[in-house]
DNA sequence: TATCCGTGGGG
DNA sequence: TCCCCAAGGAT
């Protein structure tokens, strides 16, 4: 364990007109940071006060979500994290409950056909996540004795587990000390610390540095901080209409102190959907999810007019292992793991 | 690094 | 209505 935040006056003289505390990035000198083309994290007047303000707020306003209850266990936390990747809490709740009731442990899911996971995934979207969660369950059963690993690196090695999910599971399920950088936390830090309305499009090294620099030293406090900042971003410091009047750190928010300047730079481009392969894939898979028997080609052909795109979408689903083609030309959700192409 | 990958609710 | 965006990951 390394002591992270230490008062440092070696901050680059650049343009630091703000208060005099800069959490020292681990092993990163101002020179190396400059060499890497990135500035040191913005100064934070009093990290400890920031921590307690947000954590206290969390104590009063945290939602009672099923994956936060002790009985959820690490598997419950992991399942929730997969489902919450790009999907709102309200839509996850019912599916989560059914999922945990059916597969209370990883081994149960691992014993199923992957298609069952895809079917149970329902309309949560991005069904490859269902396949990856199934794959993670298989790996947990095979490599970890059926228990969700505690170690960040082992979590990261599981299918569908990236930097965020590994940190989230290690932190929320096991109380570990990790920088949990999701879209909510990134927005909170962008505003409260960096003083801009929105974080960059893609997560930057500077953001990771900042998150690490702000991490409380104590494991339990760090885990609490992670959950608290995430909740603050989800409930108060929202993307569109931030509820600054309800915010426990509004008075120390760099963005507010700067007069809440609007986002400058290029508009953040949204995802187009209508007419894309994704829409076609969604329609095809919806048919297959509802079907109990293999679906003939002509039934699938009915979901989309344009034959080239339709075929491409179906091929893509097969390549992804979401759909299994049968010898007679019909299709179904996969009974076995996809063959590596 | 930019793109792809679903689905639906709210402003 | 339209548009934004919601606890990301893989390539």
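Each reported figure results from applying straightforward, stated rules to the coordinates on display, with no laboratory input. Because the structure is a prediction, the values reported are computed rather than measured. Here the Cβ positions follow ideal geometry from the backbone for every residue, glycine too, while neighbour counts run over all protein chains shown.
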query: Please state the relative contact order of the stretch A:162-246 as a whole percent: Cα pairs under 8 Å, 6+ residues apart?
result: 36
statement: Counted neighbours (other Cβ, 10 Å), sorted fewest up, put A:140, A:249 in the order A:249, A:140
- request: Sort A:80, A:260 so that the residue with the fewest other Cβ atoms within 10 Å of its own Cβ comes first and the one with the most comes last.
  value: A:260, A:80
message: Between A:137, A:74, A:90, where does the largest GNM mean-square fluctuation fall for chain A, given springs only between Cα atoms within less than 10 Å?
response: A:90
- prompt: Between the stretch A:56-82 and the stretch A:187-215, how many Å separate their Cα centres?
  reply: 24
Simple spin-label estimate for residue A:335 and residue A:272 in nanometres, 7 Å along Cα-Cβ: 4.1
- request: Would you look at the GNM of chain A, springs on alpha carbons closer than 10 Å, and say which of A:262, A:149, A:248 moves the most?
  value: A:262
message: Only Cα pairs within less than 10 Å get springs; with that Gaussian network setup on chain A, which residue of A:89, A:169, A:185 has the largest fluctuation?
response: A:89
task: For residue A:144 and residue A:326, compute 0.36 nm times the residue count separating them, minus their Cα-Cα distance, and round to one decimal in nm.
output: 62.2 nm
field: Additional length obtainable on full extension of the chain from residue A:49 to residue A:128, 0.36 nm per residue less Cα span
entry: 24.3 nm
- request: Please give the FRET efficiency for residue A:157 paired with residue A:204, using the beta carbon to beta carbon distance and R0 = 25 Å, rounded to the nearest 0.05.
  value: 0.55
- prompt: Can you give the extra length, in nm with one decimal, that the chain gains between residue A:263 and residue A:239 once fully stretched, where that is 0.36 nm per residue apart less the Cα-Cα distance?
  reply: 7.5 nm
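Over chain A, what is the mean sequence separation of C-alpha contacts under 8 Å (at least six apart), divided by residue count, expressed as relative contact order in percent?
Relative contact order of chain A: 18 percent.
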field: At R0 = 22 Å, FRET efficiency that the Cβ-Cβ distance of residue A:308 and residue A:87 yields, to 0.05
entry: 0.15
query: Roughly how many nanometres apart are two label points built 7 Å out from the Cα toward the Cβ at residue A:64 and residue A:111?
result: 3.3
statement: Expressed as a whole-number percentage, the relative contact order of the stretch A:66-173 with C-alpha contacts under 8 angstrom and at least six residues apart is 29
- prompt: With the radius of gyration and the Kirkwood radius both derived from the Cα set of the stretch A:66-173, what is their ratio Rg to Rh?
  reply: 0.91
task: Would you please classify the overall shape of the stretch A:277-332 from the alpha carbon gyration tensor, given that a ≥ b ≥ c denote the square roots of the eigenvalues, rounded means a/c under 1.5, and beyond that prolate means a/b larger than b/c while oblate covers the rest?
output: rounded
- request: Kindly provide the helix-only [θ] at 222 nm of chain A, computed as the sum of -39,500 (n - 2.57) over DSSP H runs of four or more divided by all residues, to the nearest 500 deg cm²/dmol?
  value: -13500 deg cm²/dmol
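Say R0 is 35 Å: what FRET efficiency, to the nearest 0.05, do residue A:251 and residue A:217 get from their beta-carbon distance? Mind showing how you got there, number by number?
Values: r = 25 Å, r/R0 = 0.70.
Given R0 = 35 Å and the Cβ-Cβ separation, E is 0.90.
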